[in-house]
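The structure appears right after this line, and notes come after that.
The values are calculated or read from the model by the stated rules, or taken from the named source; none is laboratory data. Not measured: the values here are computed from a predicted model. Cβ sites come from the backbone with ideal geometry, for glycine too, and all protein chains shown count toward neighbours.
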Amino acid sequence: MNVSIIGGGIIGLSVAWRLIDRGARVTVHDPGGVDGAWHVAAGMLAPGRESGFEDPALITLLDESARRWPDFAGRLGTDVGFDTSGTLGVALTADDAAEAGRFWPAERLGPTALREREPALSPRLRAGVHLPADRQVDPRRVVAALRARLRGHLVPECVGKATDLDADVVVVAAGCGTADLTGLPVRPVKGQLLRLRGEPGLLRHVIDGAADGRHVYLVPRADGEVVVGATQEELGDRTVTAGGVLDLLRAAVDLVPALADFALAETTAGHRPGTPDNMPLLGTLPRYARGGAAGPRIVVAAGHHRNGILLAPITADLIADLVLTGRADPSLAPFDPGRFECD
């Protein structure tokens, strides 16, 4: 089968990798830049932290994809920053603890127990939890590893119309660009993110915290980088604002005072691809379901919003099955792109 994939972010590349492993002829069309959501993602693999108000079908998908991540990372054959140290959820004030506690398991940790696990945490913290099942990965390393594996299959170009490609099946995995290619309602959701750099070893866990009503996460890397994120704004620009940086830094330093001495190495703004119900688009476009003389069959893998990194393994597996067999796994039904298609 001859498959073209539009989009060279973590979703498109992961789908391509799975298809090639299963014998398909694959071409990935992408300009090759760093403007995708993956470039500004922190890489937290924590389904429970994103699922407080999610649809049950999405929660199931998040959990199953998290289960597949260790094998996915291992098969890449290089260090992609996969880490199993877990997350500390922390709250600075009593109000923060009351709000965050709605998503915490019953067993709480007090300030002393939290600082035994992470001595750099502020002594002002009121409460927290340890979430040992959470993981993290470095999305930039993952994409670099996937691009290396797919060398020879990547074409550095933009595609204007999916139906113009000479393929049996076209997979549209173009993030926010999916809207122009398909007419589906994928919108940009802006997020601002910081990267700090200092001596390695300050933090051992991901910190998911609340500080005076401001949510922030701190994702430490082995080389001394700490990713601080992330704002969420219904905006389409890529401006890094003083207010966004201030809010993130203030919350980060309130929770971990020693971060005030780290270098501010990078400030970035990017776009998460959101849909009206904030559920991904995974499936065949009904109006292009048959393919053949009328053009290629078109499959969509986009609109992952905050969950693109976490959902990469399960998306790759399910979309590869759909492309090769023409049959959708029943678990894809709630994410069918046809729910937004107009005749």
Query raised in the report: Since Gly32 meets every condition but one in (1) at pLDDT 95 or above; (2) in a loop (DSSP other than H, G, I, E, B); (3) surrounded by fewer than 23 Cβ atoms within 10 Å (Cβ to Cβ); (4) of a type in the set (Gly, Ala, Ser), which condition does it not meet?
Result: (1)
Query raised in the report: In segment 117-151, how many residues are over 30 Å from Trp17 (Cα atoms) and in contact with a His (Cβ under 7 Å, 6 or more places away or on another chain)?
Result: 2
Report task. Restrict the check to segment 198-220 and report whether at least one residue is part of a helix (DSSP H, G or I) and under 22 Å from Asp35 (Cβ atoms). Result -> no
Query raised in the report: Given (1) surrounded by fewer than 23 Cβ atoms within 10 Å (Cβ to Cβ); (2) in the same structural domain as Ile11 (by TED's automatic domain parsing); (3) modelled with pLDDT of 95 or more, where does Pro296 come up short, assuming only one miss?
Result: (3)
Report task. Write out, first by first residue and then by second, each pair whose Cβ atoms fall under 7 Å of each other, whose residues are 6+ apart or on separate chains, and whose first residue, in segment 105-124, is in contact (Cβ under 8 Å) with a residue 24 or more places away in the chain while the second is of a type in the set (Gly, Ala, Ser). Result -> Leu114/Gly128; Ala120/Ala258
Requested in this report: Assess whether Arg67 counts as being over 23 Å from Val227 (Cα atoms), without any contact (Cβ under 8 Å) to a residue 24 or more places away in the chain and not assigned by TED's automatic domain parsing to the domain that holds Pro280.
Outcome: no
Report task. Report yes if some residue within segment 88-95 is within 30 Å of Pro330 (Cβ to Cβ) and either surrounded by 14 or more Cβ atoms within 10 Å (Cβ to Cβ) or modelled with pLDDT of 95 or more (or both); otherwise report no. Result -> no
**Report entry** Residue ranges of strands (runs of 3 or more DSSP E) in segment 84-174 with at least 1 members closer than 30 Å to Asp30 by Cα and under 22 Å from the mean Cα position of the chain (by Cα)
**Finding:** 169-172
Query raised in the report: Just to be sure, is Ala174 surrounded by 24 or more Cβ atoms within 10 Å (Cβ to Cβ), at pLDDT below 95, over 30 Å from Arg117 (Cβ atoms) and of a type outside the set (D, E, K, R)?
Result: no
Report task. Give just the number: which of (1) assigned to a helix (DSSP H, G or I); (2) modelled with pLDDT under 95; (3) of a type in the set (Gly, Ala, Ser) does Gly236 not satisfy? Result -> (1)
